[in-house]
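Undergrad: Starting off with a structure, shown below.
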There are 2 protein chains.
Amino acid sequence: MDKILDGRHVYHSVLDRLTGQISDLKKATGKSPGLAVVLVGEDPASQFYVASKKRACKKIGVQSFEHILPATVSESELVAVIESLNKDDEVDGVLLQLPLPKSLNPDRVLDLISPDKDVDGFHPLNVGKLLLGLDTYKSCTPYGVCEILDHYKIDTVGKHVVIVGRSNIVGKPLAAMLIQRGYDATVTICHSKTENMAEITRAADILVAAVGVAELITADMVKQGAVVIDVGINRINDETLEKGYRVVGDVAFDSVLEKASAITPVPGGVGLMTIAMLMTNTVQSFRNRLA
Amino acid sequence: MDKILDGRHVYHSVLDRLTGQISDLKKATGKSPGLAVVLVGEDPASQFYVASKKRACKKIGVQSFEHILPATVSESELVAVIESLNKDDEVDGVLLQLPLPKSLNPDRVLDLISPDKDVDGFHPLNVGKLLLGLDTYKSCTPYGVCEILDHYKIDTVGKHVVIVGRSNIVGKPLAAMLIQRGYDATVTICHSKTENMAEITRAADILVAAVGVAELITADMVKQGAVVIDVGINRINDETLEKGYRVVGDVAFDSVLEKASAITPVPGGVGLMTIAMLMTNTVQSFRNRLA
């Protein structure tokens, strides 16, 4: 196993696999999967993510439909767009780019995306199926973590996975995935209220940091030989760079690298995987809807 | 705190609280909550549970509606009963007693119970909401565990809760509840594939056994001073008793009692709490439907 788990490599390997599948499906059916992305307002980070998703779609042969709405859109107008996409037969996945402007309630709108087209895996029905071990769309970022583990053949059966962070989009669904049969991991979730954090993280065979605190996980918190997966993406000031900041993860990379048997870097680790798994879910939805 | 956590006492305290609430609601609205129980076949254990639920309803002033169907009922007939109960305005909760005869698929039928009347908390939508920290009906047995912790003011914030067992009706939803804000526990789920089980259980401040293996948890697996919650109900042969068996939990009670700061007995611990929380959810549904 490589010591540095290369997210970019896994990303391309997933996209290559999907390209082949989509090409075969198109030959068989004459149709291609379609992903609709709804963007409200002009947040630059959101625009960046939407552009990345669109590029990935183009690369693998997924049609992408963009719906750009002004920040002043009313909830009922946004809901009308979602509902029309739910009904649109060309659309296999509906993605609402977050965050929304403060005037809109994201939970209420996300709940209206049809669970059958919820390729982000955020709908409570799909989250519930995930925890119950039923077939569903898996939340993309934790699904990406699992894809990296699978790609590098990192054994999880009976292993102790400690997840730092209990967010609805990473920590909770990742725990839900890894305790299922197949992964069969022993899973611990810890968070800001956890007592004796270092003692708990040192028990991890596989340590996942998904808390959004720059370089929180230091070498003394890691067991010798552990696999370390860093889901964090944090900007810290760096006057030596022209842009004035650099991007780091939740793990103090250089020191933890010495102790870990394998580690994902930031950037170049889990980050891109979210898009790869979004594409995987979109192709899955296309198949489901063909069936 | 008492060393023996008395489930019977907590059960009666929940039922007393509900009796007062139901009486007040009846004064205010002229209506009472209603629970419909659907029993398929003549399994004696199921008949016993249904009778216990009926008694609890009567005790607190919940109307109970029994629907007893023959073991030979078809799925479509069963579905028709469920659908009529979903629509029945007198019915706040619909409970399908499990197990079903082998000819029927429980997952498919359970999914048809309206999530709004799913007072067992088994519907994937409600399980998803539980994991996401949204308002919902909590699965009754784990909810009962939390009620015991609440009643005896056992602090969970930052504490390490280790749950042995990953079932869909206890281990998984209990983990989902205890990691939320408010409980704020550090939660570990382990199971049959877990390596070094004893090492992990010994790290628990609160140890929950919900695996269905008689007396699996022995004193050497428990930290001095831990709180131990035993969800198991197992029959083991005992020729000295007329009935030929006795009921024990997943914890070797006598030896673990020496080390624990508090422990639930079996019987007389978590067992009755499932019914108490079923009643709690039924009253909650009644309130929701009034609102």
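The values are calculated or read from the model by the stated rules, or taken from the named source; none is laboratory data. Remember, it's a predicted structure, so these values are computed and weren't measured experimentally. Cβ placement follows ideal geometry from the backbone for every residue including glycine, while neighbour counts extend to all protein chains displayed. Quick note on the areas: whole protein, heavy atoms, side chains included, nothing else; ligands and nucleic acids left out. Shrake-Rupley method; radii C 1.70, N 1.55, O 1.52, S 1.80 Å.
Undergrad: Tell me, which residue of segment A:65-110 that is open to solvent by 80 Å² or more (accessible area, probe 1.4 Å) and within 14 Å of chain B (Cβ to nearest Cβ) is nearest to A:F48 (Cα to Cα)?
TA: A:D107
Undergrad: All but one of (1) part of a strand (DSSP E or B); (2) β-branched (V, I, T); (3) within 29 Å of B:L96 (Cβ to Cβ) hold for B:I236; state the number of the condition that does not hold.
TA: Just one mismatch for B:I236, condition (3).
Undergrad: Related question: For segment B:239-291, enumerate the residues that are part of a loop (DSSP other than H, G, I, E, B), among the β-branched types (V, I, T) and closer than 20 Å to B:V50 by Cα.
TA: Correct list: B:V270 only.
Undergrad: I would also like to ask the following. Can you tell me which of (1) within 8 Å of chain A (Cβ to nearest Cβ); (2) free of Cβ contacts under 8 Å to residues at least 12 places away in the same chain is the one B:D155 doesn't meet?
TA: The single condition B:D155 does not satisfy is (1).
Undergrad: Assess whether A:T201 counts as being within 24 Å of A:D116 (Cβ to Cβ), open to solvent by less than 30 Å² (accessible area, probe 1.4 Å) and polar (S, T, N, Q).
TA: Judged against the criteria, A:T201 is not a match.
Undergrad: To continue, here is another question. Just to be sure before I move on: is B:V73 assigned by TED's automatic domain parsing to the domain that holds B:L95 and either touching a residue at least 40 places away in the same chain (Cβ under 8 Å) or touching a Lys or Arg at 6+ places or on another chain (Cβ under 9 Å) (or both) in the structure I sent?
TA: In short, no.
Undergrad: I would also like to ask the following. State all residues of segment B:122-135 that are within 8 Å of another protein chain (Cβ to nearest Cβ) and open to solvent by 20 Å² or more (accessible area, probe 1.4 Å); if no residue qualifies, say none.
TA: B:L125, B:K129, B:L132, B:G133, B:L134
Undergrad: Related question: So for segment A:272-289 (the condition being in the same structural domain as A:V211 (by TED's automatic domain parsing) and surrounded by fewer than 19 Cβ atoms within 10 Å (Cβ to Cβ)), does at least one residue qualify?
TA: Looking for residues that are in the same structural domain as A:V211 (by TED's automatic domain parsing) and surrounded by fewer than 19 Cβ atoms within 10 Å (Cβ to Cβ), one finds none in segment A:272-289, hence no.
Undergrad: Okay, next question. Could you tell me whether B:G158 is part of a loop (DSSP other than H, G, I, E, B), out of contact with any Gly (no Cβ under 7 Å at 6 or more places or on another chain) and at pLDDT 95 or above?
TA: When the stated conditions are applied, B:G158 passes them.
Undergrad: Let me ask you something else. Given the criteria in a loop (DSSP other than H, G, I, E, B), open to solvent by less than 30 Å² (accessible area, probe 1.4 Å), more than 8 Å from chain B (Cβ to nearest Cβ) and not acidic (D, E), does A:T141 qualify?
TA: So A:T141 fails the test.
Undergrad: Another question, if that's okay. For segment A:165-199, what are the residues that are closer than 22 Å to A:A219 by Cα, assigned to a loop (DSSP other than H, G, I, E, B) and facing another protein chain (nearest Cβ under 9 Å)?
TA: Those that are closer than 22 Å to A:A219 by Cα, assigned to a loop (DSSP other than H, G, I, E, B) and facing another protein chain (nearest Cβ under 9 Å): A:R166, A:H191, A:S192, A:K193, A:T194, A:E195, A:N196.
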